[in-house]
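A short write-up of the structure that comes next.
The values are calculated or read from the model by the stated rules, or taken from the named source; none is laboratory data. Being a predicted model, the structure only gives us computed values, none of them experimental. When we count neighbours, we look across all protein chains shown, and the Cβ atoms used for this are built from the backbone with ideal geometry, even at glycine.
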């Protein structure tokens, strides 16, 4: 015998439609809600910036750190999803060693976990076949959303994808949080990237903090003129969160103009300066910077070799192959 | 500070020569430059001055070989050549840019867009690396260039962590790393505080007289640059109308005023007292002191005549009560207390990083104090509640471009009403504000089509549409030339007259602004209030101000030096000092009288 509420929600078309709407439109709000609660638009400037510390990870050769996300990404593609989660566990070891601040942990959690959850959700809805067993079948009123419902097979496939997302984000963020931008540029150019790409990265990392700083100033200026960007205190209340999101969307053109104009204004002058300093005049250029190879680098390389050998073994024996 | 002997390290006779018959921009009938015949030898510091739009910056670009190849002009008829002193003559206008930069380096106004790399040494090394010089040579050039600008200790610093003055010195070092005998700088100090300005000017002076470089600097801070100059040019309507040693170039000052350029205060004083200064023109306080000392002036210059009227007790408008603010581990404010009365205009002055802006930011609710309380018109300031705070208090940012969002002047002034944002009591009509800020005939213009000074006035007008009870103005005159600064001063005077009850906190390095508008001066040092008194009394405390990284106006510094010891109060304008000197001279029986 069904409980009347269950009967309504899962065996009546109105109830089923309400549940389907919730699955389709409330779940995707988890990402923005986590963002508003734990990062906020003002926290953006901390997302992709270097955090100065003295840890073995910080001291590693920047070239190793630049190759690390690539290596981990390749491994995650070769391995099955269960082993990819094991690999994800291994990528947490550097995080333990570098002990990030709570602000960074919070941001890290949001920008890594929220996309992973959304990946599982979207694959659960859309990576389905007619033969899959559905956890919840969408009623006919939801035909227009383009899916028959939420399937177990889709969720499992989503978990596969999420594993790769988690592993790659975790590895890439180690690079971003622990490597000075100048070292990223140096490593990129030393790894034989063209001069133009090196300069583009250099200019990017040089001006990214300024861009966020400027965004922050422009937002303050808009607030001084009466615009309200205050994060809602009771963020779980839909009305407040909706009002905040609406204000943010309406403010986008307001904020974009001064930030964009400010950035573009200097571009011509920057090009003049680069040309006057003989940029791209010769095919090769001298390198001012010299990096010493240390014990930490040898240990990191050995650890990577060990992981690589493990992955090769799993793939060769057929245990961990995707 | 005249030239001391021949330049070192460069062949004698090396020089930059420009013969520009006419340069014009497309669609503009009048030539931007005409009849220019200029020679800049190595070892000489040449200052180029002139009103806005006179062609100074175009001249700088032409001297660096950027016109006409890299910066297109409608019409170019001229030659810019480098003569190396050994008989070789190179036409800069036909050289690739990096070749020209190895003869004449250029440094622009805003260091932000000249620094491409993340770290200082990488920035300076960028040019030599690109030239594919041997590594030892690159290392040597980096070390040498940083040493020349006194920035060796900054080699490993991130550029984003530097002050404006430090950034500009790094930009100069990066240009020097290309090894040019001549440097051209286009308003290199206009965004810098007095300490940063002095740092840069000292570096330029040293580059000329110790390293033998030729330096051309376009500058409008004539009080500051005059003591360092070997030659001064006045450019008006695209022509050089004055080209002389600074002692001769600024006289008669009427010619400079007619061109819309304010001559140095001490030159104006020298000219007004021909009997005292004779044929001499003082360019720095020490020189003026020597001339005035010889006149047998009494130590007492009658400063009682300058006594500021005792202030009326006022109700508190803005207040900081033992406020401490920390950013990470860095102390920005340490138990700082300030009170601003209703209708009072108070100036916050101090070196960069002293805590002035943090005080303003705390009052606005931008930052949260670690301890203490901030009050605004009888209410505690709540951190982060800026829109609410902004109904009582307006904040003019240093870079006003950050405050302008709309597609026209009209839309900016109507922003408050259109977005239904809360206002103070009885907000004025946008048209009233447009008239007040003098932009009533430019309502349809895009804000970015306005000049810098007009944008400044528009941003201020936008704040006034919310009818605030108070204003915080953060460096409102930075980057403005003399004409625009004067227009802003007039606007502030009108605002003060028409909104008599308006309270104003001025955060500034501009002592003209302080002298003209401040009822009271608060000097901030290391996050603490070091002095809180009237401008005349504050500027008399030369020793204390120097310790706090503040430079009083030259006239005030001269008065303090003349009076010796603690004069109590000093004159803050040429006219005031002249009046006092006239009285004193009569008392002392000297043979001169004020003009």
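Among the candidates B:407, B:412, B:475, single out the residue that is within 11 Å of chain A (Cβ to nearest Cβ) and surrounded by 16 or more Cβ atoms within 10 Å (Cβ to Cβ). Even if it seems obvious, please write down each step before you answer.
Values: B:407 fails: surrounded by 16 or more Cβ atoms within 10 Å (Cβ to Cβ); B:475 fails: within 11 Å of chain A (Cβ to nearest Cβ).
Matching residue, one of B:407, B:412, B:475: B:412.
Identify all residues within segment B:370-392 that are within 9 Å of another protein chain (Cβ to nearest Cβ) and not in a helix (DSSP H, G or I); write none if there are none.
Across segment B:370-392, the qualifying residues are B:384, B:385, B:390, B:391.
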Every listed condition ((1) modelled with pLDDT under 85; (2) over 30 Å from residue A:278 (Cα atoms)) holds for residue A:149 save (1)
Please list, ordered by residue number, the helices (runs of 4 or more DSSP H) wholly in segment B:189-253 having 2 or more residues that are touching a helix residue (DSSP H, G or I) at 6+ places or on another chain (Cβ under 6 Å).
B:194-209, B:222-225
Residues in segment A:78-92: is at least one closer than 27 Å to residue A:120 by Cα, modelled with pLDDT under 90 and either in the same structural domain as residue A:232 (by TED's automatic domain parsing) or part of a loop (DSSP other than H, G, I, E, B) (or both)?
yes
With respect to residue B:87, is the statement that it is more than 8 Å from chain A (Cβ to nearest Cβ), farther than 16 Å from residue B:171 by Cα, surrounded by 20 or more Cβ atoms within 10 Å (Cβ to Cβ) and without any contact (Cβ under 8 Å) to a residue 40 or more places away in the chain true?
no
Every listed condition ((1) over 28 Å from residue B:489 (Cα atoms); (2) facing chain A (nearest Cβ under 9 Å); (3) assigned to a strand (DSSP E or B)) holds for residue B:395 save (1)
All conditions in (1) facing chain B (nearest Cβ under 7 Å); (2) surrounded by fewer than 14 Cβ atoms within 10 Å (Cβ to Cβ); (3) outside any loop (DSSP other than H, G, I, E, B) are true of residue A:309 except (1)
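Determine whether segment B:468-484 contains at least one residue that is touching a strand residue (DSSP E or B) at 6+ places or on another chain (Cβ under 9 Å) and modelled with pLDDT under 85.
Of all residues in segment B:468-484, those touching a strand residue (DSSP E or B) at 6+ places or on another chain (Cβ under 9 Å) come to B:468-476.
Then drop every residue that is not modelled with pLDDT under 85, which leaves none.
No, segment B:468-484 contains no residue that is touching a strand residue (DSSP E or B) at 6+ places or on another chain (Cβ under 9 Å) and modelled with pLDDT under 85.
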Residue list for segment B:415-429, filter: farther than 16 Å from residue B:394 by Cα and either modelled with pLDDT of 85 or more or part of a loop (DSSP other than H, G, I, E, B) (or both):
B:419, B:420, B:429
Can we say residue B:575 is modelled with pLDDT of 85 or more, part of a loop (DSSP other than H, G, I, E, B) and outside the structural domain of residue B:353 (by TED's automatic domain parsing)?
no
Per the filter on segment B:527-546, residues surrounded by fewer than 24 Cβ atoms within 10 Å (Cβ to Cβ), in contact (Cβ under 8 Å) with a residue 12 or more places away in the chain, under 22 Å from residue B:197 (Cα atoms) and out of contact with any strand residue (DSSP E or B) (no Cβ under 7 Å at 6 or more places or on another chain) are B:542
Determine which single condition residue B:170 fails, assuming it passes every other condition in (1) surrounded by 23 or more Cβ atoms within 10 Å (Cβ to Cβ); (2) facing chain A (nearest Cβ under 10 Å); (3) assigned to a helix (DSSP H, G or I).
(2)
Go through segment B:326-356 and report how many residues are touching a strand residue (DSSP E or B) at 6+ places or on another chain (Cβ under 6 Å) and under 14 Å from residue B:475 (Cβ atoms).
6
Return only the number of the condition from (1) modelled with pLDDT of 90 or more; (2) within 29 Å of residue B:194 (Cβ to Cβ); (3) out of contact with any helix residue (DSSP H, G or I) (no Cβ under 8 Å at 6 or more places or on another chain) that residue B:373 does not satisfy.
(2)
